[in-house]
1. Looking at (1) on the phi < 0 side of the Ramachandran plot; (2) more than 11 Å from chain A (Cβ to nearest Cβ); (3) at pLDDT 95 or above; (4) under 21 Å from the mean Cα position of the chain (by Cα), which one does C:VAL57 not meet, given that it meets all the others?
2. Spot the failing condition for C:GLU83; the list is (1) more than 24 Å from A:ASP127 (Cβ to Cβ); (2) touching an Asp or Glu at 6+ places or on another chain (Cβ under 9 Å); (3) of a type in the set (D, E, K, R), and only one is missed.
3. Against the conditions (1) farther than 17 Å from B:GLU77 by Cβ; (2) not in a helix (DSSP H, G or I), where does B:LEU283 fall short? Just the number, please.
4. Just give me the residues in the range C:288-308 being within 13 Å of another protein chain (Cβ to nearest Cβ) and more than 21 Å from B:GLY637 (Cβ to Cβ), in sequence order.
5. Please indicate, with yes or no, whether at least one residue in the range C:128-139 is over 20 Å from C:ILE234 (Cβ atoms) and without any contact (Cβ under 8 Å) to a residue 60 or more places away in the chain.
6. Considering only residues of the range B:714-727 that are among the aliphatic types (A, V, I, L, M) and either under 23 Å from the mean Cα position of the chain (by Cα) or in a helix (DSSP H, G or I) (or both), which is farthest from the other protein chains (Cβ to nearest Cβ)?
7. Would the range B:168-181 turn up any residue that is under 27 Å from the mean Cα position of the chain (by Cα), in contact (Cβ under 8 Å) with a residue 40 or more places away in the chain and either surrounded by fewer than 15 Cβ atoms within 10 Å (Cβ to Cβ) or under 30 Å from C:SER61 (Cα atoms) (or both)?
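The values are calculated or read from the model by the stated rules, or taken from the named source; none is laboratory data. Since this is a predicted model, take the numbers as computed values, not measurements. All Cβ positions, glycine included, derive from the backbone under ideal geometry; neighbour counts span all protein chains shown.
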Amino acid sequence: MVKIEFEVNGRQRSGDVESRLTLADYLREVCGLTGTHLGCEHGVCGACTVLLDGEAVRSCLLFAVQAEGSSVTTIEGLSNPGELSHIQEAFRAHHGLQCGFCTPGFIVTAHALLSKNPSPTDEEILDGLSGNLCRCTGYQGIVHAVRSVAVQEPSSSVGEER
Amino acid sequence: MSRFVGQSVQRREDPRFLTGQGTYVDDVQLKGMLHAAFLRSDVARGRLVSVNAERAKAHPGVVAVFLSGDINPGALEMRISSAAGSDMPGPPLRPLADSDVRFVGEPIAVVVAENRYLAEDAVDLLEVEYEPQSPLLDDLSAIAEEGVELVHPELGSNVAATMAVPNNDAKELLQSLPYSVSLELSQQRQTHVPMECRGIVVDWLAADNRIEVYASTQNPHEFRLQTAQLLGLPENSVRIISNDVGGGFGQKVYLSRDEMCIILASRLVQSPIKWTEDRRENLLGSNSARRDDILVSMAADDDGRIQAAGLQHFEECGAFPEMGTGGAGVAVAMYFPGPYRVPIVDWSTTSVWSNTVGRQAYRGPWVAETYARERVVDELATQMGMDPLEFRRRNVIQSEDLPHQHPTGPVLTDVSCSQTLEQAAEIIGYDSFRAEQEEARKSGRYKGLGLSLYVEPSAFGFGALGIEAATVRVLPNGTVNVTLGTGNHGQGLETTMAQVVADELGLDFDDVVVRDGDTDSSPYGAGTIGSRSAVIAANAAVNASQEVRLKVLQIAAEMLEASVDDLTIEDSKVRVVGVPDRGVTIREVARTAHNSPEALPSGLPPGLEATARFQAPPVTYSNACHACLLEVDTTTGIVNIERYVVSEDCGNMINPMVVEGQIAGGVAQGIGGALLENMVYDTDGNPLATSFLDYLLPTAADVPDIEYGHIVTESAVPGGYKGMAEGGAIGAPAAVANGVADALRPFGVKIRDLPLTPSYILGLLEPELLDR
Amino acid sequence: MNEWFSSYDRQASRGLGVEVKPGPFTYYRPESISEISGLLAEIGENAKLLAGGQSLVPMMSMRLVQTENVIDINRVAEIQGIERQENFLRVGAATTQATVESDSVVGEAVPLLTQALPLVGHFQIRNRGTIGGSIAHADAASELPAVALALDAELHIAGSKKDRSLPAEEFFEGLWTTALEADELLTHIDFPIWEGNSGFALEEIAPRSGDFALAGAAVGLKLAEDSTISQAAISLFGVASTPVRAGVAETALRGESPTPEELSDIAKLALEGIEVRTDIHANAAYRRRVSVALVEKALTKALGEARG
C-alpha cells in the first residue's frame, strides 16, 4: 500500500491505496465520483478523461499514486450542483449527447481544448475531439456545440472548412 | 393543441449526463458487494478436458470460483427469449461451457472476489486443459455442406435455417436479358460497441425469496421474465432496475448467458455480485453482427426498367446466436426490393453455424438487403450507360403506385421514396456534381457520389413487440408521473414522451416526468428496440393521457357547472370555451380527485390516473435517401467523405432534433462499417480485433457535417408517426460503397468486400498488391 | 500494428482472461538519475520504467506485460527540459510530448519534431506521453523513433555501472526492442540542428488521424552553396519492425538538384533492401506502394522549403 495525498475537485484527499489502482478506479470507487466512466480501459475511448493540473489526461492510464501532490478535476468539478457550464449548455442546446456515457469525457476534453485555445479553427476542433469516441451521436451535436462556444475571431476559419 | 410535439425541445435527461450524475450499472454500489470476472475459452472448438481451480480458490480475496458443475444445474430454463417455446430449434444453451467449447470467448468459469483486480488475479491462476479441434468458420458454403464436421453435434447439420422461394422466370430473365448484372458481395462482421459495456449487479434477497437486478438493458421486462424463467421464480419475485444505459443498438435486448451466469452465481454466495463487462470481453465475447455473403443479380429492359432480381444470401450466425437459429435472412429477402418496382425475385437465404461468437441483431439487422440492392442498381445502371440517379428515377415507387406489394410480401403504403430521392439529389447538387467530377478526373483526382435509397420497416406489430403500455398519474399538486414499459437508452424518451403527454393534457412540459426501467413500477412492455417508440410508446402514452384528460374534463365540468363539451385545457387550466376567466387549474382538479371525493360527479371514482396500451399495426414504413460525396486518393487508398446528405420521411416528428440525432448516429455506424470496422477472425478461430486499437470506430474527424432534408408523409398510426432510428445504419454502407465505386469507375474495378480500407482500395487499383 | 494487443499465447494451459486490471507491483518514485540507477542495479531485471505510461499502462492493464516493480520517472527534474546547445537540441527523455510540441525553440531548431508531434496520438496522450518514452518503446509505426533516426540523434543512457551514448541507428534493434539493458535509462536525446538551407517534412498514412501509421516518412534535406543536396535523410516508419533509413534513395539524392520527375524516380528507390511487414491493417505490398508516394510527397515539400 502506498500513501497518497492530492486534491480532487478542490478537496484534499488522502489515504492508502494499492499501487496498481488506476486513477479512474480511485475516483470512481474510493471518491464515489462515478461521472468519470470506463469505456475501454486501454486509453483509446476517452470516456475516463479528467484534468490533471489543468491538462486533459486519460485517467485509466494513470495510477492513483502518480497523482500525488497534484490537483485533479473531474466532470463533477466543472460546474456547481444544479448548474451547467457554458460548454455543458452548448452540448444540451445542440443535442451533443444521447446515452450520456461518453459525455463527461467529451465535456472535460472540450473544456481543456477551449481553455488552451479559445478560438480553434474547425480543423483544430475536429482534431481535438478525435481522441474521444461516441457511438450514439455521430459527433454532429458535439462538434456543433464546441463550434458554438469557440470564440469567433475576425480571422478565424470556424465554419470555413465545411 | 400542439405546443411541444413537433418542437426540438431540449432534453430533460441531459443535465445529469452533462454533469456526470447519471447512474449506469457500474456506478451502483451495494453493501458488501463482490465482483466477478470470467475465464473464457481461448480455443474455438474442442473438448474441455479439465479446469483446475485450486490455486485460484486459494488466492487472497477470492470468495468463490464456479465451474459449470456449480452454476449450470441452477438454470431451470434457458431460453433465447421469454416467449420462445422450450422446443424452439437451436443449439443446446448452457451458462458455462461444460464438456466442450464452441467459440473463443465462451465463458468457462466465474471468479467472485472482493474487487475486480483480485478477481482477475484469480482468473490468471485457473488452469485449463483442452483437446482442440479444427474450428469451422469463414467459408460459409463449405461449412453448410453435408457430411462436414459439425459446430453443434446435437443438431446434425451446420445449416441453422434455410429458406428459398425460387422463381424460374426470374432466373430465365437474369440469364437472357442483355442488361443483367450479377455481383458477389461480402459484408464483414461488425459489432455494436455501445460505449457502456454490458454489466449487471445481482442482489439475491434470500429472506424475501426475491432477486433484484441492476441491469444495462434495452428491455427491462423481458430481462425480468427471462430471469424468472432461468431461476424458476415467479416473475413478481424478480425486480429489474435499469437506470441509465450507455447505448445498446441491439446488443442488450435479451438476457445474455454471461448475465445468466452471474444471476446463477448470486444464489450461491451471500452477497450482491457485480459484473462489468470490460471492453475486450465486449469485443470478443458479446454477440456481434452483419457477416453476410451475397450473390445479387438484377436485369432490366432496354428502358432501364427492372424486370427481375435474384438474391442468394448466406449469413454466419456463429455458435450461439441471439435468435436461436439465425439472423435476419428472411427479412433480408422480404425487404430486398425496397423502394423499387421489382416484378419478380428469385431468392434463397441460408444461416450457417460457425465456431465464432453468436450473431445478434444490430441496428438494421437486415441491412444486407439495402447494401446488395443499391450496389447492384448502380452496377446495372453503369452497364447500361445510364446515370444511377436516372436509373433510380425510372424504377422508384411513386406515390400513385401506392399501395404497392412486393413479390416478396411487404405492402408499402405512406412512403415517399421518389420525393426523398429528388430531395437528396437536390441538396447534394447532383446535377452539377457530374461536371465537377469530370473536371477533377482531368487532374487525376477521383471524386464520387453514392446514392442509397431504402425503405425502413419499423415498429413491428408481432406479439408483445407490437404492444406498449403507459401509466399516467396526475398527483395531487397537478404534476404528472408517466411510466412506460420501454427501455430508454439514449433515445430521449424522458423528453419526447413528456412532450406528447404535456400536449394531450394541456400541461407545461416541465410538469410531466417520464420514467421507465424499473419493473416494479412500470407497466409490462417490450422495451426500446426495433424503432418502436414513436409509434407504439407515444401512442400508449396518448391513450393513457386521453383517459386521464377525459376524467379531468368530467371533474372540471362538475366544478364549473359546465358541460364537458364546452371545456378546453390550455396552460394547465381547464376553461370554458369563450369565457377565459372561468376555469379551474389542473392542480385544483387533481386535489379534488384525490382529496374531495364528495365533490366528484356521481359515479366517478376518486383518483386521477390511467394505464393504457397501444397495439401497433404489423409494420410501419419510413424511408430515406442518402447521398454521399467523397474523394478517393488513388495513391494511398484513403477515402475522404466531403458531404453527406440524408433526405428522410418518418411522418410527423415528435422532436426533430432527436430524429436527426438518431439518423446521425446510424450514419456514423454505417460509415464505420463501410470504411473502418472489421471483427476479423484468424483461421484458428481467434478474434483479432479485441481492442479499440484494432477495432476502429469512426471519430469526429471521420464523419462530416450531415445535411438533412425532411419530408412528411403521415403514417396511418395516430399521430402519423413512423419509426426511423435504424435507417441511418441501413442506408449508409451502400451510400459510401457506391460513392467509392463511382469515384473509381474509370478503373473498372469490382468492389466485393467491406470495409473499404486503404489497403483494399489500392489493391483494387493494383491487383498485384492484394494477397488473394 | 500492435500484434501484442491482438495475440495471446494459445499454447498456455490457461484460458483467455481478457483482463483490464493490472497485476500487483511495488511502486517506486525516485527523484534523481542516481536513484534510478541504484534501483535498476538492484531490481532492473524485474522492473519497468514508467514514463508517460501511454503505451506501458494499457499493456499492464491487459496483462500483456507483467512486472513486479514499477519505477515512476516522471518526477526526475534532471531528465526533463529542453536546452538549445550550439549544434544540437538537448531534450530530457521525460519531457512530455505536449511540452516539446508547443515550445518555440524546438520549432526553430528542430522543425521536424514540431511537425511530427501533432500526429502522435491525440493531445490527451501527448499531455502525458514523453519524448524518451516513445523512443524507448520503439513501436515500429510511431513517429518519434523515426524522427530520431532521420536526424541521427544521439541517445544518452545512464546505467547502473556506467553511462554511454548511442547514435539512433544503433539504438533500434527490433520490434519494441532497443539497445537498452535492464539496468539502463534513457536520459537525454540530442537532436542535431541543421543549419543552412534545410527543409523538413513528415508524411504518413493512418486509418484515422492519431492512429499508428500504416506507413510514414520523415525527411530532412539540406542544400549546399550550389543548391545541390548536401545532406539527405529519409526515415521510414510503419513498414518494417524498426524505423529504417532509405539509404539507397538518400545516396541518390546527394549532390543532386532534382527535378520533380527525378524526385519521383528517387522515391521509388526508398524501399530498396528493406523487409516490409504485413498485419491485419495492411499487407507488405500496400506498404511498399504507399511508402513510395509518401516519400515523394515529403521530399517535394522538404526540397521546396530548403530552396525557400
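1. That leaves (2) as the condition not met.
2. That leaves (2) as the condition not met.
3. (2)
4. Correct list: empty.
5. There is at least one residue in the range C:128-139 that is over 20 Å from C:ILE234 (Cβ atoms) and without any contact (Cβ under 8 Å) to a residue 60 or more places away in the chain.
6. Selected residue: B:VAL717.
7. No, the range B:168-181 contains no residue that is under 27 Å from the mean Cα position of the chain (by Cα), in contact (Cβ under 8 Å) with a residue 40 or more places away in the chain and either surrounded by fewer than 15 Cβ atoms within 10 Å (Cβ to Cβ) or under 30 Å from C:SER61 (Cα atoms) (or both).
Residue by residue, here is whether (1) surrounded by fewer than 19 Cβ atoms within 10 Å (Cβ to Cβ); (2) within 30 Å of B:PRO656 (Cβ to Cβ) holds:
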site	(1), (2)
A:GLY32	yes, no
A:GLY35	no, yes
A:CYS40	no, no
A:GLY46	no, yes
A:GLU68	yes, no
A:GLU89	no, yes
A:HIS95	no, yes
